[in-house]
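**Student:** I have a structure here, written as structure tokens, and I will follow up with some questions on it.
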Amino acid sequence: MRIDVLVAEIGSTTTLVNAFTINETPEFLGRGVSNTTVDTDVLEGLNQAIDNLKSSLDLKTLTYKEMFASSSAAGGLKIVVSGLVYEMTVKAAKEAALNAGANIHYVSAGYLEDDDIDEIKHVNPNIVLVSGGTDYGEKKVAYTNIEKIAALELNIPIIYCGNIENHRRVKKLFETHSQKSYLKIIENVYPRVDFLNILPLRKLIYQTFEEHIIHAKGMHKIREKVNKSIMPTPGSVMEATMLLHEMYGNVITIDVGGATTDIHSIAQPSDEYKKYSEGEALEKRTVEGDLGVFVNFHNVLNSIDRTQLLKRLQFEENVLKDLIDNYSYMPSHPNEEKLVYELTRVCVNRALDRHVGDLRKVYTSSGQKYIPEGKDLTQVKLIVLTGGPLIHLKNTKKIISDYIKNNPNKLMPNINVEICKDYDYIMSSIGVLSLEHKNQAKTILAQSLRK
């Protein structure tokens, strides 16, 4: 059988292959699963996942026209960011990198000091972003920093996204430099005060990731199978969230995984709070690297008061201890489901605490007032849940409604907001698929939400 499109999701531990038709009746056909073989050759795990897909679809032969891929294997995309002022150019570059699906491993503001240089070498990033200065504003810091980065000879892409006035000088610096082939220059990510120019940098990060990932350990043969785009998995989820925004308006996507909890939001602020929202990106992604229900299981568990946990679970201590000693990310017993549910609830609540803005109480000459601070999501009409725990556990929509009810000072949507699940677990496939098959991707995504 010849399938229109396959999309591979190559994770650190698991490789999935999703099959789609993209003709006049686009639909999700099925999925194949295998362990990721990043320590040897990712192609092995990819072939095994395709064989598993063939078996699940009861096919003797399987060919395809196109294959896309998203990947968080080989450690994902590690980026360090250097900027001028943390709340301005640093924030802009960081937002663009996060939206593209990167993992931010180090951030610095102002001139790079010796300890900054030491930390960058220790992180061993895949990409360095150097920003700084509005267009035709301050330019010395960004230029000095890119000089220092070039001198490290890291042999990785260096993206300059600062003051446009430095373009000529930066190009001249690299003309005869050993790092010349690694330099990429893009328009300023923060060209004027309170304006974030994220899209050009995000696209360049996607492109740079695709160039880089095929050289990562275990990924060198990936182009033998994948003949279309490859992008970071979290970036693909953001692309899918952008589709949701086009389809349904202001939206939040919540993705709980084994290692991290990611929240993507695309929302205009309310008219009431718009004047307080200057400098906030329309599209925002936060990744909480300490919140996950498998790799970070013990980290989340140890952060919860034991007495309160036992009370919520209605367990005796010996029952909880036995569950912890034999913990499984894929629960097969009601008590295991209760524990994973509680960990998922904690991950969602804390991730929302960090992502969503607040109403702050302030005292003025005219009395007490509430001032909004951070991302205003009060106008969101749809919340989408994805990631294994939120999709497969029962009553996970209640986690969101309870959060809204119990946090009246958070800038969350109304309690009656629509909450949907990504039932087919395909959002990260849909994002990369949408790069070339946008309308079909929208149709298939709506099917997964059962809308």
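What follows is calculated from the coordinates using simple rules that are stated; it is not laboratory data. A quick note: this is a predicted structure, and the numbers were derived from the prediction, not measured. So basically every Cβ, Gly included, is an ideal-geometry build from the backbone, and we count neighbours across all protein chains shown.
**Student:** Stretch Lys171-Asp402 to full length: gain in nm at 0.36 nm per residue minus the Cα-Cα span?
**Tutor:** Numbers: separation 231, 0.36 × 231 = 83.16 nm, distance 5.35 nm.
This chain segment gains 77.8 nm when fully extended.
**Student:** Would you please give the residues with an amide H less than 5 Å from that of Thr14, counting only those at least 5 places away or on a separate chain, with H modeled from the backbone geometry?
**Tutor:** The list, which skips near neighbours in sequence, is Thr36.
**Student:** Shifting gears a bit: Just flag the trypsin sites (Lys or Arg not before Pro) in region 390-437 sitting in loop per DSSP whose Cβ has no more than 10 other Cβ atoms within 10 Å. Present the calculation step by step, with values, prior to reporting the outcome.
**Tutor:** Numbers: sites: Lys394, Lys397, Lys398, Lys405, Lys410, Lys421; in loops: Lys394.
Qualifying residues, ordered by number: Lys394.
**Student:** Now for a separate question. Once you have a ≥ b ≥ c as the square roots of the Cα gyration tensor eigenvalues for region 210-359, tell me rounded if a/c is under 1.5, and otherwise prolate or oblate according to whether a/b is larger than b/c. Kindly include the intermediate steps, with their values, before the conclusion.
**Tutor:** Values: a/c = 2.64, a/b = 1.25, b/c = 2.12.
Note, shape of region 210-359 comes out oblate.
**Student:** If you average over every viewing direction, what projected area does the convex hull of the Cα atoms of region 78-213 give, in nm²?
**Tutor:** Projected over every direction and averaged, the Cα hull of region 78-213 covers 6.9 nm².
**Student:** Give the shape of region 323-444 as rounded, prolate or oblate, defined through the alpha-carbon gyration tensor: a ≥ b ≥ c are the square roots of its eigenvalues, a/c under 1.5 means rounded, and otherwise the shape is prolate if a/b is larger than b/c and oblate if not.
**Tutor:** Working: a/c = 2.76, a/b = 1.35, b/c = 2.05.
Taking the square roots of the gyration eigenvalues as a ≥ b ≥ c, region 323-444 is oblate.
**Student:** Once the dipole of the chain is set up with Lys and Arg at +1 and Asp and Glu at -1 on Cβ about the Cα centre, which of Leu449, His333, Val17 lies farthest towards its positive end?
**Tutor:** Farthest towards the positive pole: Leu449.
**Student:** Which of the trypsin sites (Lys or Arg not before Pro) found in region 1-67 are in a DSSP loop and have at most 14 neighbouring Cβ atoms, other than their own, within 10 Å?
**Tutor:** Working: sites: Arg2, Arg31, Lys54, Lys60, Lys65; in loops: Lys60.
Of the trypsin sites (Lys or Arg not before Pro), the ones in loops of region 1-67 whose Cβ has at most 14 other Cβ atoms within 10 Å are Lys60.
**Student:** Using Cα centres only, tell me the gap between region 39-118 and region 134-163 in whole Å.
**Tutor:** Here the answer is 23 Å between Cα centres.
**Student:** Given N residues in the chain, what is Rg(Cα) / (2.2 N^0.38 Å)? Please report the intermediate quantities before stating the final value.
**Tutor:** Values: Rg = 22.8 Å, N = 451, 2.2 N^0.38 = 22.4 Å.
That works out to 1.02 for the chain.
**Student:** Quick one, could you list the DSSP H helices from the chain stretching 20 Å or more along their long axis (Cα atoms) with average Kyte-Doolittle hydropathy of -0.5 or above? Could the numbers behind the result be given before it?
**Tutor:** Working: long enough: 42-56 (21 Å, -0.10); 198-213 (22 Å, 0.12); 233-248 (22 Å, 0.23); 334-355 (31 Å, -0.77).
Those that clear 20 Å and a mean of -0.5 are 42-56, 198-213, 233-248.
**Student:** Going by amide H atoms built from the backbone, whose H comes under 5 Å of the H on Ser70, apart from near neighbours?
**Tutor:** Ala8, Glu9, Ile10, Met231
**Student:** Cα to Cα, under 13 Å, and not fewer than 8 places away if on the same chain: which aspartates and glutamates meet these conditions relative to Lys375?
**Tutor:** Glu95, Glu278, Glu280, Glu283, Asp353, Asp358
**Student:** Let me ask something else about it. Of Ala109, Pro191, Tyr86, which is farthest along the charge dipole of region 68-192 in the positive direction, counting Lys and Arg as +1 and Asp and Glu as -1 at C-beta?
**Tutor:** Pro191
**Student:** Roughly how large, in nm² to one decimal, is the mean projection of the convex hull of the alpha-carbon atoms in region 233-448?
**Tutor:** Numbers: hull surface 53.8 nm².
Its Cα hull, projected and averaged over all orientations, spans 13.5 nm².
**Student:** Okay, moving on. If the limit is 23 Å between Cα atoms, which of Lys139/Lys180; Lys78/Lys438; Lys421/Lys442 go over it? Don't jump to the answer; show the numbers that get you there.
**Tutor:** On the way: Lys139/Lys180 21 Å; Lys78/Lys438 28 Å; Lys421/Lys442 15 Å.
In this structure, Lys78/Lys438 lie more than 23 Å apart at Cα.
**Student:** Over region 1-159, what is the relative contact order in whole percent, taking alpha-carbon pairs under 8 Å and six or more residues apart? Please list the in-between numbers first.
**Tutor:** On the way: 297 pairs, mean separation 30.3, N = 159.
Relative contact order comes out at 19 percent.
**Student:** Within region 4-88, list the GluC sites (Glu not before Pro) lying in a DSSP loop whose Cβ has at most 16 other Cβ atoms in a 10 Å radius.
**Tutor:** On the way: sites: Glu9, Glu24, Glu27, Glu44, Glu66, Glu87; in loops: Glu24.
Qualifying residues, ordered by number: Glu24.
**Student:** Tally the DSSP beta bridges in the chain and give the antiparallel ones as a percent, rounded to 5. Write down the numbers at each step before the final one.
**Tutor:** Working: 35 of 71 bridges.
The antiparallel proportion sits near 50 percent.
**Student:** Follow-up. Calculate the dipole size of the chain relative to its Cα centre from +1 charges on Lys and Arg beta carbons and -1 charges on Asp and Glu beta carbons; express the result in debye to the nearest 20. Numbers along the way, then the final one.
**Tutor:** Details: 53 positive and 57 negative charges, 156 e Å.
In debye, rounded to 20, the chain gives about 740.
**Student:** Another question, then. Give me, ordered by chain and number, the residues 5 or more places off Ile3 or on other chains with an amide H under 5 Å from its own placed amide H.
**Tutor:** Thr63, Tyr64, Lys65
**Student:** Moving to a separate point now. For n ≥ 4 DSSP H runs only, could you compute -39500 (n - 2.57) per run for the chain, divide by its residues and tell me the 222 nm figure to the nearest 500? If you can, show how the numbers build up before the last one.
**Tutor:** Details: 15 runs with 164 residues, N = 451.
It lands at -11000 deg cm²/dmol.
**Student:** For q values of 0.22, 0.24, 0.33 Å⁻¹, compute log₁₀ I(q)/I(0) with the Debye formula on a Cα-only model of region 245-286, without solvent.
**Tutor:** Each listed q maps to, in turn, -0.79, -0.87, -1.11.
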